[in-house]
Amino acid sequence: SNPFENDVKWEDIRIANGLDNSQVIWDWLGYWSNSSTLRTGKGYYFLAPSWVSSLHIPYNSKKTSLSYDTNSETSNSLTLSLYKEEQKSGSIQVLFHQEAKSGADKFDIPIPSGDFEKTGIRILPELIDNQRNRELFLDARSSVADGQSYRIRFTNRSGDLLRLQIEGVEHFPSSEIFLVIPRLHKKIDLKSAQNLDPGSETEQMTLLIGNI
């Protein structure tokens, strides 16, 4: 938590402690939301790397970027977000970056446990990939190549009607993008349906990108 009287930007803390962009803080809003600011007197969840035992929180710092190319992140990503009316209730992102590696790497962003979530969405580990054993907010891979698949879990225990919004399909003009819901035997073309009703229960889905 931030013990000071003023809010502090997470970017300043990240740079002061030598952390890369994959190190984020999470705010609990009934679901997990990554935050750009450490608000005064408020607690956050931070999954520290093994070499970090404490965080230096600066008032002012010189910004020497330790991050990767964010332009690449913006132009090669797809975001799936849950909304209750116009209020966001969770999101995930898949990213393609030329420096991403197979298995876990510095671009992946783990998401905290969803045990207490009434609503949420997360990327599940691949069943055959022992290197990706954490649930993710962001899954980075090097390229679409011949096609990529992602196991996704959607949760809605709130009883409210939610909307699933897909953003970034325009970044993949030569690829097909589908969401498969095995239980319902549905395969939805996300290039023609970018707002969906995901249902009112826990659902496992598969996101497919590429030449399907």
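The values are calculated or read from the model by the stated rules, or taken from the named source; none is laboratory data. As the structure is a prediction and not an experimental result, all values here were calculated from the model. Ideal geometry is used to build each Cβ from the backbone, glycine not excepted, and the neighbour counts take in all protein chains shown. When the accessible area is computed, the model is the full protein with side chains, heavy atoms only, and any ligands, DNA or RNA have been set aside. Shrake-Rupley method; radii C 1.70, N 1.55, O 1.52, S 1.80 Å.
Candidates in the stretch 115-124 are the residues that are over 16 Å from Tyr83 (Cβ atoms) and more than 13 Å from the chain's Cα centre (by Cα); of these, the one that is most open to solvent (accessible area, probe 1.4 Å) is Phe116. Mind listing whichever residues of the stretch 69-89 are touching a helix residue (DSSP H, G or I) at 6+ places or on another chain (Cβ under 9 Å), of a type in the set (S, T, N, Q) and either open to solvent by 80 Å² or more (accessible area, probe 1.4 Å) or modelled with pLDDT of 85 or more (or both)? Residues satisfying the conditions are Thr74, Asn76, Ser77. So, Lys191, is that one closer than 15 Å to Leu80 by Cα, open to solvent by 40 Å² or more (accessible area, probe 1.4 Å) and part of a loop (DSSP other than H, G, I, E, B) or not? Against the criterion (closer than 15 Å to Leu80 by Cα, open to solvent by 40 Å² or more (accessible area, probe 1.4 Å) and part of a loop (DSSP other than H, G, I, E, B)), Lys191 qualifies. Take the residues in the stretch 13-57 that are among the charged types (D, E, K, R) and either in a loop (DSSP other than H, G, I, E, B) or in contact with a helix residue (DSSP H, G or I) (Cβ under 7 Å, 6 or more places away or on another chain) (or both), then tell me which one is modelled with the lowest pLDDT. Selected residue: Asp20. Is one or more of the residues making up the stretch 160-167 over 14 Å from Ser81 (Cβ atoms) and modelled with pLDDT under 90? The answer is yes, given that some residue of the stretch 160-167 is over 14 Å from Ser81 (Cβ atoms) and modelled with pLDDT under 90. Set side by side, the residues Ser149, Ser175 differ, and just one is under 27 Å from Glu99 (Cα atoms), open to solvent by 40 Å² or more (accessible area, probe 1.4 Å), hydroxyl-bearing (Ser, Thr, Tyr) and modelled with pLDDT of 90 or more, which is Ser149. Given the structure, is Ser158 polar (S, T, N, Q) and part of a loop (DSSP other than H, G, I, E, B)? So Ser158 passes the test. Filtering Leu196, Leu95, Leu136 for residues that are over 21 Å from Ser22 (Cβ atoms), touching a residue at least 12 places away in the same chain (Cβ under 8 Å) and surrounded by 15 or more Cβ atoms within 10 Å (Cβ to Cβ) leaves a single hit, Leu196.
Residues that are open to solvent by 20 Å² or more (accessible area, probe 1.4 Å), over 18 Å from the mean Cα position of the chain (by Cα) and of a type in the set (A, V, I, L, M, F, W, C) within the stretch 16-40 comprise just one, Ala16.
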